[in-house]
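Down below is the structure, laid out as structure tokens.
The values are calculated or read from the model by the stated rules, or taken from the named source; none is laboratory data. Computed from a predicted structure; not experimentally measured. Ideal geometry is used to build each Cβ from the backbone, glycine not excepted, and the neighbour counts take in all protein chains shown.
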Amino acid sequence: MRKRLIVSAASALSLFLAVPASASDFQPGAAGVGDSYYPTYGNGGYNVSHYDIRLKYQPATDELEGTTTILATATQDLSRFNLDFALNVAEVRVNGRPAAFTTSGEQELEVTPARPLAKGSQATVVVRYKGVPSTVKKYGFTAWLRTPDGAVAAGEPESAWWWFPSNDHPSDKATFDVSVLVPDGNQVISNGILTGTSSQAGWTRYSWRENKPQATYLATLAVGKFDVTTDTTPGGLPVYNAYSKDLGDNADAARASVERTGELVDWLSGYFGDYPFSSVGGYVPNVPTGFALETQTRVFYSPRQFSRGANTSVVVHELAHQWYGDSVSLSRWSDIWLNEGFARYSQFLWSEHENEGTAQELADYVYASHPADDAFWTVKPGDPGADNQFSGAVYDRGAVAIQALRNTVGDEAFFRILKGWPTERRYGNATIPEFQAYAEKVSGKKLGDLFTTWLFTAAKPATGPVAPGAAAAASLAPGAGRTDGQLPAEPKSWKKIQETNSLHDAGH
Ligand SMILES: [Zn+2]
């Protein structure tokens, strides 16, 4: 392991002198935020309110240099704190003073400020760095994707390490300014609103702003050559979409899908309430990956999502995340169902809207097509484990669980829950128990058994998500398995929905 410790004599001396008599109360912040799935992700001892990321990037060589300024508040008396980061750091300053730093583990940057930080105090942390992100492997991979004309940062649960230092956990959201200098003729895509561009001496600066809280894994960056379309939705929201100029045979299908973003986000607003952000759109860079990701306001799509023609279902999925995942974010990764169950269920609703199978038919199909001894049922959507965080069961069984909820509480209460939850918890964080309590409050029904059966039991539920009074119940009796006679017809939308399943295979 490579370790560096850079402490000048002067800063070591000032550190010593600045420590008050009560310094023993000042402790290092934890190296992880306490997530059981990813113990080293995020950090303890502070919260970030803003990232100002200022970069210079050369697409020809993948050389990136940058300065990130972090506004943080100490949540304990801090003698030291960590950031999550993978590139080479040249300098760290805390409140203007040079700070000592070293690296540890895979992605820990340990920062010792010249003066300890008292609980509740504000800190301005400046980190200067550079590197060639595509060559930096952590846990055996890089989330920095090279394209023929540039690069993309997109990945879940980790992608920030390769372009900005952060408290890398969705429980600590912040606003973002991302400003990137690229050679003239290249473009930069990121989250939120493009606030300006300026050119000088052969370089162009693109400045983006996301003014609503954003999880670090939902920050995205792309550099390359894009065709850009801009518009305003019928509901008045600015739309910004971008397509690599070299998408080849996938170009038209990508546009025929992503250009419907405005229509689809307005349609989803009918179910989930007002769209929470100030812009919307998607981008399709020429990456070799297969996944898409709900990067905030600006969804990342791999071209492969459109290799079999237009796919509005994946656009609906990623846009649904803007409410379920981006605006209301996870407090811990084990609650991934709050993101993926609802994003998948939105595809069920879209299928229903398109007359390609009702949500009930899709749920019945999922239930019937996996026999009781299928490993599918061993994954608990409510706590799938880090290795199964993005397994198909989290999505499909997760969506069936939502249909079961709908059948239990009735349509009227169900659609109030679907809209009320992201409205009440807007820009915040949440857990599954909190969602359950909310659904119980709205519906007036106890839902403990339902949640246990559908989310927290590693076995096929004895009965399917039976619609009240549905005759189909007969084919969903205990022990029903896959036989030709019992399997309901495959809903027309099913293949497109399944194509979404490689979405979160972040390539590692
Ligand atoms: Zn998703």
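What to note about this one:
- Single residue of the range 308-337 satisfying the filter (away from the ligand (no atom under 13 Å from the Cβ) and aliphatic (A, V, I, L, M)) that is surrounded by the most Cβ atoms within 10 Å (Cβ to Cβ): V328
- Residue in the range 49-87 that is nearest to the chain's Cα centre (by Cα), counting only those that are of a type in the set (A, V, I, L, M) and more than 16 Å from E110 (Cα to Cα): I53
- Identification of strands (runs of 3 or more DSSP E) wholly contained in the range 235-304 with 2 or more residues that are closer than 29 Å to D411 by Cα and under 18 Å from the mean Cα position of the chain (by Cα) yields no element.
- Residue-level analysis places E340 among those that are under 24 Å from G420 (Cα atoms), within 14 Å of the ligand (Cβ to nearest atom) and either assigned to a loop (DSSP other than H, G, I, E, B) or modelled with pLDDT of 95 or more (or both).
- G448, sole failed condition from (1) away from the ligand (no atom under 16 Å from the Cβ); (2) of a type in the set (G, A, S); (3) closer than 18 Å to G325 by Cα: (3)
- Criterion (at pLDDT 95 or above and under 18 Å from the mean Cα position of the chain (by Cα)) met by exactly one of T229, T220, T197, T204: T220
- The residue pairs whose first member lies in the range 280-308 and is without any contact (Cβ under 8 Å) to a residue 12 or more places away in the chain and farther than 20 Å from F390 by Cα, whose second member is within 16 Å of the ligand (Cβ to nearest atom) and assigned to a strand (DSSP E or B), and whose beta carbons are closer than 9 Å, counting only pairs six or more residues apart or on different chains, do not exist in this structure.
- Single residue of the range 66-95 satisfying the filter (assigned to a strand (DSSP E or B) and touching a Gly at 6+ places or on another chain (Cβ under 8 Å)) that is farthest from P170 (Cα to Cα): N88
- For the range 286-307, taking the residues that are under 15 Å from N191 (Cβ atoms) and touching a Leu at 6+ places or on another chain (Cβ under 6 Å), the one that is farthest from the ligand (Cβ to nearest atom) is identified as Q296.
- Of the residues examined, H508 is not one that is within 16 Å of the ligand (Cβ to nearest atom) and at pLDDT below 50.
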